[in-house]
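To start, the structure itself, in structure tokens.
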Amino acid sequence: MKCLETTWMQDMIRICGDGFRQGWHERNGGNLSYRISQEAIAELGDQLHYDQPWQSIGTEVKGLAGEFFAVTGSGKYMRNVELKPESHLAIIEISPDGLQYRIVWGLTEGGRPTSELPTHLMNHEVKKRITQGRHRVIYHAHPANLIALTFLLPLDSAVFTRELWEMATECPVVFPEGLGVVKWMVPGGKPIAEETSVFMEQVNAVVWAHHGLFCSGTDFDETFGLMHTIEKSAEILIKVLSVSPNKRQTITTADLIALAADFHVTLNPEALHLYDEGAKH
Ligand code: 2HA
Ligand code: ZN
């Protein structure tokens, strides 16, 4: 099967355009990666070429040795992926020592994988391990309302989780484990990748202060849906805060407990009890 005609590639291309139309991908902002199954790689046969040099990842991902990923290209515009997928996307192979990658498909007009490759791969390494390989997608975008909240709320994971849960009843069900918050850091390197991947041990969404959001999921729909749900909730909170600093009423701790019981989810206890009497905040 032609690489561009596979379902997973079609899904990947679609998400890039969808994210742009949401307003999450100004210029070359945002990036996306997908861990391709060995069966899907085998189906690509001689469409893959193994003559390109190995290059440093900039971090170590031993748990991904021999894996293949589809990734967006560094400096490429998400809005253009639909028009020219083969020059905007790449398939890369990870070396046996987990320190290097090589391009085996795509980027036909030159270029490198996403500048956030260390974070993508370190997140994939964590998720592959803790989900027994179920999670395959890591998605980074710049959604404006969530970024705005990083100027208004304390940069605390429990506070972000609780405030976003309260803005829409579906939120505690969609992200019961909550989200992580990383303080402002220089993007693109190993230090921010390490910080992010530590949170990914516990949660599927990590906010980068004054920058954007990383989401992890089993497939493109679920991962895009998580990004979308969090940003929608952030938009509601921005609207509320724009009118008044105080909520007249909200979803309470008791409401959240009732919701969790009915929907059979375990809510992050720190966020759940954040505003209880005697709690630290
Ligand atoms: O430009 O979003 O974080 C791509 C990015 C870097
Ligand atoms: Zn970014």
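The values are calculated or read from the model by the stated rules, or taken from the named source; none is laboratory data. None of these values were measured; they are calculated from a predicted model. Because the Cβ atoms are built from the backbone with ideal geometry, glycine has one as well, and the counts that use them run over all protein chains shown.
Summary table below
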item: Which numbered condition Y77 misses (of (1) touching a residue at least 24 places away in the same chain (Cβ under 8 Å); (2) more than 16 Å from ligand 2 (Cβ to nearest atom)); result: (2)
item: Residue match in segment 133-149 (condition: within 30 Å of Y275 (Cβ to Cβ) and in a loop (DSSP other than H, G, I, E, B)); result: yes
item: Condition met for T150 (within 16 Å of ligand 2 (Cβ to nearest atom), farther than 27 Å from D219 by Cβ and crowded, with 19+ Cβ neighbours inside 10 Å); result: yes
item: Condition check for T266: within 30 Å of the chain's Cα centre (by Cα), more than 17 Å from F160 (Cβ to Cβ), at pLDDT 95 or above and not in a helix (DSSP H, G or I); result: yes
item: Test for G45: is it outside any loop (DSSP other than H, G, I, E, B), surrounded by 13 or more Cβ atoms within 10 Å (Cβ to Cβ) and not β-branched (V, I, T); result: no
item: Segment 181-202: number of residues that are touching a residue at least 40 places away in the same chain (Cβ under 8 Å) and surrounded by 20 or more Cβ atoms within 10 Å (Cβ to Cβ); result: 6
item: Enumeration of residues in segment 169-208 that are over 27 Å from I251 (Cα atoms) and of a type in the set (V, I, T); result: V186, I192, T196, V198
item: Residue under evaluation Y50, criteria (1) surrounded by 20 or more Cβ atoms within 10 Å (Cβ to Cβ); (2) closer than 18 Å to G110 by Cα, criterion not met; result: (1)
item: Residue that is farthest from S95 (Cα to Cα), among those in segment 22-62 that are touching a His at 6+ places or on another chain (Cβ under 9 Å) and among the charged types (D, E, K, R); result: E26
item: Single unsatisfied condition, L155 versus (1) in a helix (DSSP H, G or I); (2) in contact (Cβ under 8 Å) with a residue 40 or more places away in the chain; (3) more than 16 Å from ligand 1 (Cβ to nearest atom); result: (1)
item: Residues within segment 89-113 that are crowded, with 24+ Cβ neighbours inside 10 Å and more than 17 Å from I41 (Cα to Cα), tallied; result: 1
item: Flag if H210 is within 16 Å of ligand 2 (Cβ to nearest atom) and at positive phi; result: yes
